[in-house]
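To keep things clear, I will list the structure first and then write my remarks on it.
The values are calculated or read from the model by the stated rules, or taken from the named source; none is laboratory data. Values in this document were obtained by computation on a predicted structure and should not be read as measured data. Ideal geometry is used to build each Cβ from the backbone, glycine not excepted, and the neighbour counts take in all protein chains shown.
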């Protein structure tokens, strides 16, 4: 049952460290950047889970699903790609959108695993695990949207406004 706590700690760690450093140095905190980094590290953690807990991940999928092992590896590679993209400013918006899609698309596997008491990361608790997993999914989706996607739009708009203001001042 430690997995959700680990995920939350990974998620907030870069932003927390950056916050402390900004307080000591007096530099402005780039919330968007470090929020994306946290989600990027989380996705790399998810990828590692696909490699280390492959059999458990396969068990999270219904037996009627074809190529379950290959699907686990493929989704792990997708999570690695998303994780890396969160560290590249040019791809952070795309990574945030893909992260939200992944969180929604993969959640049925968590439901299946909980209903079938799969022995991986809390799913062995049965349906009660969904009382923890569902809110965690909502937190991850909200983090991707508000901290990585929406905050990126605000900083892009602020940059555009600042550029327009500078050009307006120069023309006067």
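Quick rundown of the values:
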| read-out | value |
| --- | --- |
| Every residue from the stretch 99-153 that is closer than 22 Å to residue 44 by Cβ, at pLDDT below 85 and part of a helix (DSSP H, G or I) | 123, 151, 152 |
| Residue list for the stretch 108-123, filter: exposed (fewer than 15 other Cβ atoms within 10 Å of the Cβ) and free of Cβ contacts under 8 Å to residues at least 40 places away in the same chain | 108, 115, 117 |
| Selected residue (only one of 58, 17, 72 is part of a helix (DSSP H, G or I), over 11 Å from the mean Cα position of the chain (by Cα) and farther than 27 Å from residue 128 by Cα) | 17 |
| Residue list for the stretch 31-55, filter: within 18 Å of the chain's Cα centre (by Cα) and more than 21 Å from residue 5 (Cα to Cα) | 31, 32, 33 |
| Filter result (within 20 Å of residue 31 (Cβ to Cβ) and crowded, with 16+ Cβ neighbours inside 10 Å) within the stretch 88-107 | 91, 92, 93, 95, 96, 99, 100 |
| Single residue of 85, 81 found to be surrounded by 19 or more Cβ atoms within 10 Å (Cβ to Cβ) and either within 19 Å of residue 145 (Cβ to Cβ) or modelled with pLDDT of 95 or more (or both) | 85 |
| Any pair with Cβ under 7 angstrom, 6 or more apart, that starts in the stretch 83-106 at a residue that is touching a residue at least 24 places away in the same chain (Cβ under 8 Å) and on the phi < 0 side of the Ramachandran plot and ends at one that is surrounded by 15 or more Cβ atoms within 10 Å (Cβ to Cβ) and not in a helix (DSSP H, G or I) | 92/86; 95/86 |
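The rows are residues; the columns are (1) touching a residue at least 12 places away in the same chain (Cβ under 8 Å); (2) surrounded by 13 or more Cβ atoms within 10 Å (Cβ to Cβ); (3) farther than 24 Å from residue 149 by Cβ; (4) out of contact with any strand residue (DSSP E or B) (no Cβ under 9 Å at 6 or more places or on another chain).
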residue: 8; (1), (2), (3), (4): yes, yes, no, yes
residue: 12; (1), (2), (3), (4): yes, yes, no, yes
residue: 15; (1), (2), (3), (4): yes, yes, no, yes
residue: 61; (1), (2), (3), (4): yes, yes, yes, yes
residue: 68; (1), (2), (3), (4): no, yes, yes, yes
residue: 72; (1), (2), (3), (4): yes, yes, yes, yes
